[in-house]
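Take a look at the structure set out below.
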Amino acid sequence: MEYGFDRFLRYDELNAWLDGVAATHPDLVSIDTYGSSHEGRDLRIVTVTDSSTGTHDTKPAMWIDASIHAVELTATVAACHLIQRLVEGFGSDDTVTRALRTRTFYVVPRVNPDGAEWVLADSPRFRRSSTRAWPWTDGHEWPGLHVEDVDGDGRILQMRIADPAGAWTPHPDDERLMIPLPAEGVAPGTPTYRLLDEGRIVDHDGFTVPTPSAVEGLDLNRNYPAGWSTSVPGAGDHPLSEPEIDALVRAMVARPNICGFNAYHTSGGVLLRPSSTRADAKLAPRDVWVWKQIGERGTSLTGYPSHSVYEDFTWDQSETMSGASDDWAYEHLGVFSWTTEFWDIVHAATGEKQSTHFWYTGPTDGQALAVLRWCDEHRPGGHVDWAPFDHPQLGAVEIGGWNGLITWTNPTGEHLREEVGPHADFAIHQALCSPRIEIAHVETTRIGGATWRVDVGVANTGWLPTDVTSLARKESLVSPITVELQSDDIEFLDGPARRQAGQLEGRVALRFAGGNDGTPDRALVSWTIRGGMGTGITVEARHPRAGRVTRTITLA
């Protein structure tokens with residue numbers, strides 16, 4: 001099927017497109033199922049690499065996953081666009097070709113298929129993540145507003161109710177737009193309103209409208225083991241309690257060659273990095289420096305600025321949000337991890353970036369007006385004129401306002417395609433930063449008779465060290481390089497066939513060497529063996545992250 005990356009795909013259509021790509025490019029693409037969702041849908045992972053240069057697990061890898069949050073549909077489009085960029089670029093784009101010959105990409109286009117299906121249904125239901133009832137597993141609805149498409153038009157908008165004590169009033173330059181009342185209030189006779197999400201009211205008492213959490217109150221991006229806490233909203237019953245996250249973590253751990261991580265989300269138009277719970281001063285200094293170097297390249301490729309979640313995006317640093325995937329990837333796996341938040345409609349409308357506290361404070365009045373006018377030109381239906389509605393519990397209300405799914409949360413159409421496009425190259429850049437071992441030197445020396453010394457030099461030709469981060473080295477998270485001689489026709493005289501070669505630095509370390517590089521990126525391993533002239537030996541060097549390589553030598 002043809003796909004222009006300008007619309008959102010439902011589950012069956014997404015799978016049909018993925019299967020078509022794999023069928024068209026069997027030497028590059030394979031698809032596996034790594035688990036099942038709460039509702040029983042397959043959780044699928046796409047592996048992309050040039051199989052002619054080795055299997056996926058013999059190369060350092062980049063991991064991308066998308067759409068853990070139900071309404072963040074742009075993320076899946078970006079993941080699919082990355083897959084398309086890789087298969088189309090192979091053989092025609094030198095950088096893509098080099099990446100696929102030497103690296104592997106693991107892409108999970110939709111971590112949370114159940115939630116996305118609810119959002120994309122003809123009668124949509126918006127939830128943060130999973131469709132499992134939690135924490136009240138019997139599905140009990142507490143009194144108050146429950147968000148849904150109450151007028152049946154296939155959209156979830158806003159409701160406004162005339163209220164002399166309301167906190168919202170029409171913008172003086174465009175009465176369609178609701179803006180907050182100023183602190184000093186407004187002149188008598190000025191219309192004021194109370195705003196609510198579109199939905200129905202359970203057990204309405206005729207006066208109050210509580211806003212309880214949704215029956216399905218989980219946040220799958222708070223269910224990872226890193227810093228998991230019962231105090232974090234939506235965290236689940238225990239770390240990995242949700243099948244989508246348990247399966248994803250197991251899939252990642254089963255792929256120890258993963259050297260980099262990026263989780264695709266919306267919105268904000270930013271590249272976010274750990275930590276969510278600690279200041280940069282509490283992290284390894286070189287790790288922070290490397291993150292900033294990668295972030296600078298990401299900004300140059302995508303236009304998105306990079307930020308520490310804790311330093312720049314945490315409203316109250318005494319109340320941090322833990323249990324997120326990027327923190328887990330760094331703290332438990334020891335890889336440089338990112339969260340890409342696609343789409344900043346304020347920037348699209350004004351050319352200025354949202355505040356880093358936008359998620360808490362929302363837009364300024366001027367920004368909201370600019371977005372409304374941008375929608376009039378570029379996003380018909382992004383803001384809907386207010387229309388009277390006889391609400392089954394509230395009586396006379398108006399429904400209209402922001403269609404948040406296709407304004408604040410996601411772009412659509414050509415803007416969707418344009419937004420995700422540059423991010424494929426950032427993923428490729430991250431992949432090419434990874435370590436990569438090579439057998440760079442082999443020498444056989446005859447000592448006497450049938451006794452030989454075999455020297456094997458291993459080099460890390462990648463930018464990052466073989467264990468990737470300073471944290472991984474400090475915590476011994478990654479096993480060392482091993483080098484082995486393999487032959488049934490030789491005898492080892494000074495120890496075992498397989499030997500350790502430690503961890504090797506990458507080119508990044510030479511930035512700190514002051515121009516006196518040395519060879520921290522190399523290791524030499526030697527054996528004394530007995531074997532006949534002309535005996536063939538296979539040399540194998542392997543590292544969990546930096547790859548596996550072999551070379552055949554002959555005693556001569």
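All of the numbers you see were taken from the coordinates with simple rules; none came from a lab. In this text, all values refer to a predicted model and were calculated from it rather than measured experimentally. Ideal geometry is used to build each Cβ from the backbone, glycine not excepted, and the neighbour counts take in all protein chains shown.
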Fill in the blank from the handout: Here the convex hull volume per residue of region 277-390, taken over Cα atoms and given in Å³, is 164 Å³
Completion exercise
Along principal axes, largest first, the alpha-carbon spread of region 291-350 in whole Å comes out as 37, 26, 16
Completion exercise
Quick calc, THR528 & ALA279: beta-carbon distance into FRET formula, R0 45 Å, rounding 0.05, result 0.30
Handout entry: At R0 = 30 Å, FRET efficiency that the Cβ-Cβ distance of THR451 and ASP57 yields, to 0.05
Key = 0.25
Fill in the blank from the handout: The computed P(r) of region 442-544 puts the percent of Cα pairs beyond 20 Å at 46 percent
Problem - Helix 74-89 vs. the chain, principal-axis angle (Cα, 0 to 90°, nearest 10) - result: 40 degrees
Exercise for the section: Would you mind classifying region 507-556 by shape? Square roots of the alpha carbon gyration tensor eigenvalues, ordered a ≥ b ≥ c; an a/c under 1.5 is rounded, otherwise it is prolate if a/b is larger than b/c and oblate if not. Expected result: prolate
Fill in the blank from the handout: Under the 7 Å Cα-to-Cβ spin-label approximation, VAL442 and SER30 lie apart by a distance in nanometres of 2.6 nm
Practice task
Give the angle, between 0 and 90 degrees and rounded to the nearest 10, that separates the Cα long axis of helix 285-302 from the longest principal axis of the Cα atoms of the chain.
Solution key: 60 degrees
Fill in the blank from the handout: One finds the C-alpha centres of region 371-430 and region 68-136 to be spaced, in Å, by 20 Å
Exercise for the section: Give the Rg (one decimal place) followed by the Dmax (whole number) of region 342-434, computed from C-alpha coordinates and expressed in Å. Expected result: 17.2, 60
Practice task
Would you mind checking the tilt of helix 11-24 against the longest principal axis of the Cα atoms of the chain, expressed as 0 to 90 degrees and rounded to 10?
Solution key: 30 degrees
Handout entry: Largest-first principal axis extents of the Cα set of region 329-394 (Å)
Key = 55, 36, 21
Exercise for the section: Tell me, rounded to the nearest percent, the portion of alpha carbon pairs in region 211-344 spaced more than 21 Å apart. Expected result: 43 percent
Exercise for the section: On a C-alpha basis, how far is the centre of region 184-211 from the centre of region 486-556 in Å? Whole number, if you could? Expected result: 72 Å
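Could you work out the local net charge near HIS347, counting Lys and Arg as +1, Asp and Glu as -1, over the other residues with Cβ closer than 15 Å to its Cβ? Provide the component values of the computation, followed by the final result.
Details: positive: LYS353, ARG373, ARG379; negative: GLU341, ASP344, GLU352, GLU418, GLU419.
Spelling it out: positives minus negatives among the neighbours equals -2.
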Practice task
Can you pull a Stokes-Einstein diffusion coefficient for region 65-152 at 37 °C (0.692 mPa s), Rh from Kirkwood over Cα pairs, as a whole number of µm²/s?
Solution key: 210 µm²/s
Fill in the blank from the handout: In order over region 443-451: 3J(HN,Hα) from phi, Karplus 6.51/-1.76/1.60, θ = phi - 60°, whole Hz, x for each Gly or Pro, gives 9, 10, 10, 7, 7, x, x, 9, 9
Problem - Added length on full extension, which subtracts the Cα-Cα distance from 0.36 nm per residue, VAL202 to TRP359 - result: 53.8 nm
Practice task
Just add up the charged neighbours of GLY382: K/R +1, D/E -1, any other residue whose Cβ is under 13 Å from the Cβ of GLY382.
Solution key: +1
Completion exercise
Extension length gain for ALA121 and ARG498 (0.36 nm per residue less Cα distance), in nm, is 130.1 nm
Exercise for the section: At 10 °C and 1.306 mPa s, grab the translational diffusion coefficient of region 397-463 from Stokes-Einstein with a Kirkwood Rh over Cα pairs, rounded to a whole number in µm² per second. Expected result: 89 µm²/s
Problem - Number of Lys pairs (Cα under 21 Å; 8 or more positions apart or on different chains) in the chain - result: 4
Exercise for the section: Grab the other residues whose beta carbon is less than 11 angstrom from that of THR451, score K and R as +1, D and E as -1, and report the net. Expected result: +1
Problem - Estimated 222 nm signal from helices in the chain, with DSSP H stretches of n ≥ 4 weighted -39500 (n - 2.57), rounded to 500 - result: -7000 deg cm²/dmol
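Is region 54-95 rounded, prolate or oblate when judged by the Cα gyration tensor, a ≥ b ≥ c being the square roots of its eigenvalues, rounded requiring a/c under 1.5 and prolate requiring a/b larger than b/c?
It comes out oblate by the Cα gyration axes.
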Handout entry: Overall form of region 93-202 per C-alpha gyration tensor (a/c, 1.5; a/b vs b/c)
Key = oblate
Fill in the blank from the handout: With no solvent term and unit scatterers on the alpha-carbon positions of the chain, Debye gives log₁₀ I(q)/I(0) at q = 0.08, 0.09, 0.11 Å⁻¹ of -0.60, -0.73, -1.02
Fill in the blank from the handout: In nm, the gap between the two label points placed 7 Å beyond Cα toward Cβ at VAL253 and LYS474 is 2.3 nm
Completion exercise
Here the FRET efficiency for THR550 versus GLU184, based on Cβ atoms and R0 = 60 Å and rounded to 0.05, is 0.20
